[in-house]
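Asker: This is the structure I want to talk about, given as structure tokens.
The values are calculated or read from the model by the stated rules, or taken from the named source; none is laboratory data. These numbers come from a predicted model, not from an experiment. Quick reminder, even Gly has a Cβ in these numbers, built from the backbone with ideal geometry, and neighbours come from all protein chains shown. Ligands, DNA and RNA are stripped out before the accessible areas are found, and what is left, the full protein with its side chains, is counted by its heavy atoms. Shrake-Rupley method; radii C 1.70, N 1.55, O 1.52, S 1.80 Å.
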Amino acid sequence: ILLTGAGGYLGGWIAAQLAGAGHQVIGLSRRPVERAGILEAVIAADIGQPGLADRVAAEVARCPAIVHAAASLSARPHDLSLSLSNGAGTQQLLELAARWEAGSFVFLSSLPVIGWPRELPITEEHPVRPLTAYHASKLYGEQLLEVARGAGLRAVGLRITSPVGPGMPRDRILPTFVARALAHRPLEVAGQGTRAQDFVDARDVAAAVESALASRADGLLNVASGSCISNLELARLCTRVLDSGSEVRLTGRADPEEGARWEVSIDRAREEIGYQPRHTLPDSISALANELAAAARD
């Protein structure tokens, strides 16, 4: 299986999941990456550069499946890497899939391509109106997938909610809360803390990728935990799980997404690929806390 983004957060968990299931995983990454015992080989390449399909086809024997997890995550609206990596890169990988006559193609998308939640629960049919250039580029990737499906490629787009767990970027809300709870420092919540998100463990995302490859599913699937929690409830949960004496307090700073609720339906993923989240949010909090504590000791 060719796996793009093998050096990334989700890419690492996907590589481990697929290798653990007995697959030979060829990693494609912009930067050097070592995952001993997991990746058969690594190709260092920028997926946004022209000629990617030619280069990979010349260096790698045909792979019957491609998992496309690589993406530019830039938050800058005029950053060309969004169009190059997330647009042209996806196009070139679909070209490679056509050349290889790949049996399946799995694309990691993002649930916020819908923009603001307007219908609950959020299904795969929710109207789309991305609010950022990043999410617009992900929606373009989904549309390219539809074109490829029309040409006969079995392709699955997984709309991921907010992935969490060990190895995740430290500047996100959950690692911030966990680090403060471990240090018994106050957990600060913006606004009234009513923004409610769906946090899915990265290990469950990886399992969903494997299931999508093993099934005959096609089209878009939501991959989430199936439950949402407000930021205020999340802070309180962290203190309970970690037995912390931290105070949870509202900062008074406005939250531009106050009141938003990301209630996500995972019924289609359950039906089509047998997806069932196995890691609860307390599991993710504990695993992240263990990682942060170990890093602090080192």
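Asker: For residue 118 paired with residue 44, estimate the spin-label separation in nm (one decimal), with each label point 7 Å from Cα along the Cα-to-Cβ line.
Answerer: About 4.6 nm, to one decimal.
Asker: Further, regarding this structure: Is it possible to state the helix-based mean residue ellipticity at 222 nm for the chain, with each DSSP H run of 4+ residues giving -39500 (n - 2.57), the sum divided by total residues, to the nearest 500 deg cm²/dmol? What is it?
Answerer: -11500 deg cm²/dmol
Asker: Using θ = phi - 60° and the Karplus form 6.51 cos²θ - 1.76 cosθ + 1.60, what ³J(HN,Hα) does each residue of the range 170-178 get, whole Hz, x for Gly and Pro?
Answerer: Each residue's phi maps through the Karplus curve to give 7, 8, 8, 4, 5, x, 5, 4, 5 Hz.
Asker: Please compute the modelled spin-label separation between residue 31 and residue 249, points set 7 Å along Cα→Cβ, answer in nm with one decimal.
Answerer: About 3.6 nm, to one decimal.
Asker: To continue, here is another question. For residue 214 and residue 271, what is the calculated FRET efficiency with R₀ set at 25 Å and r taken between the beta-carbons, to the nearest 0.05?
Answerer: Calculated transfer efficiency: 0.95.
Asker: With +1 on the Cβ of every Lys and Arg and -1 on the Cβ of every Asp and Glu, and nothing else charged, how large is the dipole of the chain about its Cα centre, in debye rounded to the nearest 20?
Answerer: About 380 debye.
Asker: A further question on this structure: Just how far, in whole angstrom, is the range 27-49 from the range 208-246 if you go by their alpha carbon centroids?
Answerer: Comparing the Cα centres of the range 208-246 and the range 27-49, I get a distance of 27 Å.
Asker: Determine, from the Cβ-Cβ distance of residue 185 and residue 263 and an R0 of 41 Å, the FRET efficiency 1/(1 + (r/R0)^6), rounded to the nearest 0.05.
Answerer: It comes out at approximately 0.85.
Asker: Tally Lys and Arg at +1 and Asp and Glu at -1 over the other residues with C-beta under 9 Å from the C-beta of residue 186: what net charge comes out?
Answerer: +1
Asker: Using only Cα atoms, what is the ratio of the radius of gyration of the range 7-93 to 2.2 N^0.38 Å?
Answerer: For the range 7-93, the normalised Cα radius of gyration is 1.10.
Asker: How much net charge surrounds residue 283 when only the other residues with a Cβ under 12 Å from the Cβ of residue 283 are counted, with Lys and Arg +1 and Asp and Glu -1?
Answerer: Summing Lys and Arg as +1 and Asp and Glu as -1 gives 0.
Asker: To the nearest 0.05, what FRET efficiency results for residue 60 and residue 21 with a Förster distance of 22 Å applied to their C-beta separation?
Answerer: Working from the Cβ atoms, E equals 0.65.
Asker: What are the semi-axes of the equivalent ellipsoid of the range 79-118, taken as the square roots of 5 times the eigenvalues of the Cα gyration tensor, listed largest first and rounded to whole Å?
Answerer: Each semi-axis is the square root of five times an eigenvalue, giving 25, 16, 5 Å.
Asker: Within the accessible area of the chain, what % is carbon and sulfur when the probe is 1.4 Å and the other protein chains stay in place?
Answerer: Using a 1.4 Å probe with all protein chains present, the chain comes out at 50 percent carbon and sulfur.
Asker: Right, another one. Just one of (i) 128; (ii) 146; (iii) 156 is volume of the Cα convex hull per residue in Å³ calculated from these coordinates, so which is it?
Answerer: Identified label for the calculated read-out: (i).
Asker: If eta is 0.890 mPa s and T is 25 °C, what Stokes-Einstein diffusion coefficient results for the range 187-295, Kirkwood Rh from Cα pairs, in µm²/s?
Answerer: D, rounded to a whole number, is 158 µm²/s.
Asker: Right, here's the next one. Expected output is a single nm value to one decimal: the length gained when fully extending between residue 98 and residue 295, i.e. 0.36 nm times separation in residues minus the C-alpha distance. What is it?
Answerer: Extending this stretch completely gives an extra 66.5 nm.
Asker: Also: Label points 7 Å out from Cα along the Cβ direction at residue 80 and residue 194: separation in nm?
Answerer: My value for the distance between the label points is 4.4 nm.
Asker: Sticking with this one: What length, rounded to one decimal in nm, is gained on full extension from residue 172 through to residue 143, with 0.36 nm per residue of separation minus their alpha-carbon distance?
Answerer: Extending this stretch completely gives an extra 7.6 nm.
Asker: When 1/r is averaged over all different Cα pairs and the result inverted, which Kirkwood radius in Å belongs to the range 129-169?
Answerer: 12.1
Asker: Direction-averaged shadow area of the convex hull around the Cα atoms of the range 88-198, nm²?
Answerer: 9.3
Asker: How much length is gained on full extension from residue 129 to residue 240, taking 0.36 nm per residue of separation minus their Cα-Cα distance?
Answerer: Extending this stretch completely gives an extra 36.3 nm.
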